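I have placed the structure first, in the form of structure tokens, so that the comments after it can refer back to it.
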Amino acid sequence: MSVRTQQSLGIRLAIFCWAGAIAFSLDQLTKRWVLSNIPAGSRRPFIPGVLDLFHVQNDGAAFSIGSGRPLFFAALTAVVVLGMLYAVMREKNLPYPLIAILGLVAGGGIGNGLERVAHGSVTDFLATTFMNFAIFNVADIFVTCGIIAACIYWFVWDSKRHSSENDGEASEKESGVNKENEKDGEKDSEVARG
């Protein structure tokens, strides 16, 4: 393994871990604040007409799906986070912004996963007031928005990557055709001389 590859791996891991740490920290800080300041089942206005703080404990996943199975969701989180970490380590050309997005998703997932293991439920507290929607938390925002952003970024990056590869192949073919034409031209001129 070359020094360049080792540096690239170190940079990729640092970006992934720092982004994950930021998402995890923001999630944990906001949950601790809610647990300390808003009793379970209580609602406080936050952004009038848009968002209230409504403290609930959710023992399921998004939209309370799978209630009562916190260890299953914690294990699923671990598998997904390890899969993202593996992708970051294996794909040497992964763009840094995409690595950061994956780190944010991982940090949010770990935040909810650890809370499920420690308490059997997740603290949710963000409730939309302009529409009937699930109550969620900061980790959910990082996971949901991160997955959407990662899919879009991946699609755009992968399309550009394949386009560049196809352009390179076309250039190689064109270069080969030009070389063949040059050889044919040389043969024609030799025949004309001879």
Kindly rank 18-29, 106-117, 73-84 from highest to lowest mean number of other beta carbons found within 10 Å of each residue. 106-117, 18-29, 73-84
What is the magnitude of the charge dipole of the stretch 1-150 about its Cα centre, with +1 placed on the Cβ of each Lys and Arg, -1 on the Cβ of each Asp and Glu, and no other charges, expressed in debye to the nearest 20? 320
Tell me, what ³J(HN,Hα) does each residue in the stretch 139-145 have, in order and in whole Hz, if you take phi through Karplus 6.51 cos²θ - 1.76 cosθ + 1.60 with θ = phi - 60° and put x for Gly and Pro? 4, 4, 5, 4, 5, 5, 5
I'd like to check one number: the per residue accessible area of the stretch 38-78, probe 1.4 Å, reported in Å² as a whole number. 61
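Keeping the other protein chains in place, figure out the carbon and sulfur percent of the accessible area of the stretch 47-95, with a 1.4 Å probe.
71
Applying a 10 Å radius around every beta-carbon, put 52-60, 157-165, 8-16 in order of their mean neighbour count, most first.
Highest to lowest by the protection proxy: 52-60, 8-16, 157-165.
The values are calculated or read from the model by the stated rules, or taken from the named source; none is laboratory data. This structure is a prediction, so every number in the text was calculated from the model and none was measured. In this analysis, Cβ positions are derived from the backbone assuming ideal geometry, glycine residues included, and neighbour counts consider all displayed protein chains. We work out accessible area using only protein heavy atoms, side chains counted, and drop any ligands, DNA or RNA first. Shrake-Rupley method; radii C 1.70, N 1.55, O 1.52, S 1.80 Å.
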